[in-house]
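Only the coordinates and a few stated rules stand behind these numbers; no lab work does. These numbers come from a predicted model, not from an experiment. Here Cβ is always computed from backbone atoms with ideal geometry, including for glycine, and neighbour counts include all displayed protein chains.
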Amino acid sequence: MLKATAVASPNIALIKYWGNRDATLRLPSNGSISMTLGGLTTETSVTFNADFQRDEFFLNGEPIFGDALNRVSNHLDYIRRLAGIDTSAIVESRNNFPIGVGIASSASGFSALTVAASAAAGLDLSQQELSRLSRLGSGSACRSIYGGYVEWHRGEGDEDSFATPLAKANHWNLVDIIVVIHKEHKATGSTQGHLLAETSPLQDPRVEDADRRLDVCRSAILSKDFHRLATVVEQDSNMMHAVMMTSSPPLLYIRPETIAVMKKITDLRSKGLEVCYTIDAGPNVHCICTPSFEQEVTSEFSNLQGVIDIIRAIPGPDASIIEVEATDPQE
Ligand code: PMV
C-alpha cells in the first residue's frame, strides 16, 4: 500500500463563488477568479491500508470526528470509486496558518486531500481531473490545484466545472495583507451559506452580472491594470455581502471593524495607494496591494484598534505531491 503526502495553498477569490446550482455536486451559480496564497500551506498525508477498520482524520495532530470526518470520508469515497478500491485510510493534515482567520482552509484542505489520496490510491490524474474532484469536497478547492491566478469555469455539469490557470504566480506580484479582526469560528459555514444564496432577491442580478465582472477582472489581471482590478474586486465582494445580508435568515459576516478597514482602504486608494479590499465569509479583510505600497498598508493597519493579527501572502505555487512511500514493501 502507498502513503502519499501533498501540499496545497488556500486562495482568495477576487470574483466570488456564492451559491450552487447543484449543492451535492457543488456546481456553482457563477464562475470565479482567485489568487493562490503562497506561503500559507496545508500538508496532507493519506495512507490506505487493508488493516484499517475505518477512515481516521487528524488535523494539526488532533483526531477529528463527526461532520468534518464524514466530509473527508465522503471525499475519499470519490477517489476509492475511481481507483476501484474499498480500503480505509488515515488522513493527517497540518495547516501552517491559523483556522478561522478568513483564510479558507477548506480550499487548501480539500485540494491537498485530493492530490494526496489519488496518488496513494495509485491513480495518475491530470490537474484538470484533480481540480474537478477537489470541487466535490469544497467548491473553492478546485482553484487551489493551480498556483498564481486561477479561473473556475461554471461549466454545464460535473464534467466541465473545474478551474484552469489564468496567469502564473510571477505574472504580477500582488500582495495580500490579511487584516485579522476576529478569530472566532463562524456560526454559519460556507456550505450552509451557499444554500441560503437563492433566498436573496439580489442573488439573481448578482449572478446575471457575473460574466461582466469576470471579463473585467480577467483582463485587468492580464494587463496588470490595478485600478480596474480594484474597482471590480471591491464591487464583487460588496455584491456577495449584499446577497448574504438579504438572505433568509440574513448572514452578517462583517463587523464594525471590518467597515473601518474597508473605509480606510478606499481613503488610501483615493490618495494614490494601489490597494483594494475583498472579504470572504467572515469579518477579516484581505487587502490586495502592489509591492510598492505593502509597507504603508501594513503599518496603517498594525496600529488600528481592533486588529489582532496581520498575515501576508503572495501568489503561490500549484498543489503538488511532496512524497510517496510504500508502506508495505513486500506487496
Ligand atoms: O468553497 P467554499 O464552499 O468554502 O466557499 C467559498 C466561498 C467564498 O470564500 C466566500 C468565496 C470564494 O469564491 O472563495
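Suppose R0 equals 30 Å; then what is the FRET efficiency for Leu222 and Arg312 from their Cβ-Cβ distance, rounded to the nearest 0.05?
It comes out at approximately 0.75.
If I model a spin label as a point 7 Å beyond the Cα along the Cα-Cβ vector, how far apart are those points for Thr266 and Asp211 in nm?
Here the answer is 3.0 nm between the modelled labels.
Run the quick spin-label model on Thr298 and Gln128: label points 7 Å from Cα toward the beta carbon, then report their separation in nm to one decimal.
So the two model labels end up 4.0 nm from each other.
Please give the length that would be gained between Asp204 and Thr188 if that part of the chain were fully extended, namely 0.36 nm times their separation in residues minus their C-alpha to C-alpha distance (nm, one decimal).
Length gained, Asp204 through Thr188: 3.6 nm.
Suppose a student asked you for the relative contact order of the chain, using Cα pairs under 8 Å spaced at least 6 residues apart; what percent would you report?
Answer for the chain is 27 percent.
Would you list Tyr78, Tyr146, Tyr277 from fewest to most Cβ contacts within 10 Å?
In order of increasing Cβ crowding within 10 Å: Tyr78, Tyr277, Tyr146.
Out of all Cα-Cα pairs in the range 75-223, roughly what percent, to the nearest whole number, are more than 23 Å apart?
Of the Cα pairs, 48 percent sit more than 23 Å apart.
Alpha carbon centre of the range 1-29 versus the range 269-307: separation in Å?
Answer, in whole Å: 26.
Between Ala326 and Ala83, 0.36 nm times their residue separation minus their Cα-Cα distance comes to what?
My answer for the length gained is 85.8 nm.
Could you work out [θ]222 nm for the chain from helices alone, using -39500 (n - 2.57) per DSSP H run of at least four and dividing by all its residues? Round to the nearest 500 deg cm²/dmol.
It comes out at -11000 deg cm²/dmol, rounded to the nearest 500.
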